[in-house]
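> Structure below; questions to follow.
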Amino acid sequence: MSTVQESQSDGLATGEQALHHITEGIAGATGEQFFRSLAQHLANALQVRYAFVAECTDDSHARVRTLAFWHGNGFAQSIEYPLIGTPCEKVIEGNVYSYPEGLQLLFPVDKDLVTLGVESYAGVPLL
């Protein structure tokens, strides 16, 4: 019982630290710089290689484009891609989704996952 409580409190502290790191990093940023700062600080706080912020390009929600794409040690160029067959497809519907493993097997159509070596995914709709 004690170990579980310690583990939970450690996780809470880590979560609070991550949130603090993100909010400190994006404070004062506006426009394009806000999204770039958000992507970079999310990646750093969550200790992941990639993080991006994207928006739908049309009312049908069939395609998205990245507003910011943190790619390891810097920003990648903005990309636009179709949503069908990608993990982002469910997030655009307004849901939070997480795939802790086996991402490439779950989304075999999304060749970018293979190219980037992505194994897991978490997505949260901002609006």
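The values are calculated or read from the model by the stated rules, or taken from the named source; none is laboratory data. Source: prediction; values computed, not measured. Every residue, glycine as well, gets a Cβ built from its backbone with ideal geometry; the counts of neighbours run over all protein chains shown.
> Within segment 5-28, is even one residue part of a loop (DSSP other than H, G, I, E, B) and at pLDDT 70 or above?
Within segment 5-28, the subset part of a loop (DSSP other than H, G, I, E, B) is 27-28.
Those left that are additionally at pLDDT 70 or above: 28.
Yes, segment 5-28 contains a residue that is part of a loop (DSSP other than H, G, I, E, B) and at pLDDT 70 or above.
> Additional query: Among the listed residues 64, 91, 53, identify the single one that is in contact with a Phe, Trp or Tyr (Cβ under 8 Å, 6 or more places away or on another chain), surrounded by 15 or more Cβ atoms within 10 Å (Cβ to Cβ), touching a residue at least 40 places away in the same chain (Cβ under 8 Å) and outside any loop (DSSP other than H, G, I, E, B). Let's see the steps before the verdict.
Details: 64 fails: touching a residue at least 40 places away in the same chain (Cβ under 8 Å); 91 fails: touching a residue at least 40 places away in the same chain (Cβ under 8 Å).
That would be 53, the only listed residue that is in contact with a Phe, Trp or Tyr (Cβ under 8 Å, 6 or more places away or on another chain), surrounded by 15 or more Cβ atoms within 10 Å (Cβ to Cβ), touching a residue at least 40 places away in the same chain (Cβ under 8 Å) and outside any loop (DSSP other than H, G, I, E, B).
> For the structure I just gave you, tell me whether residue 97 is in contact with a Gly (Cβ under 6 Å, 6 or more places away or on another chain) and more than 16 Å from residue 36 (Cα to Cα).
Details: in contact with a Gly (Cβ under 6 Å, 6 or more places away or on another chain): yes; more than 16 Å from residue 36 (Cα to Cα): yes.
So residue 97 passes the test.
Here's the yes/no breakdown for (1) part of a loop (DSSP other than H, G, I, E, B); (2) modelled with pLDDT of 95 or more; (3) among the acidic types (Asp, Glu):
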| position | (1), (2), (3) |
| --- | --- |
| 45 | no, no, no |
| 78 | yes, no, no |
| 95 | yes, no, no |
| 104 | no, yes, no |
| 126 | yes, no, no |
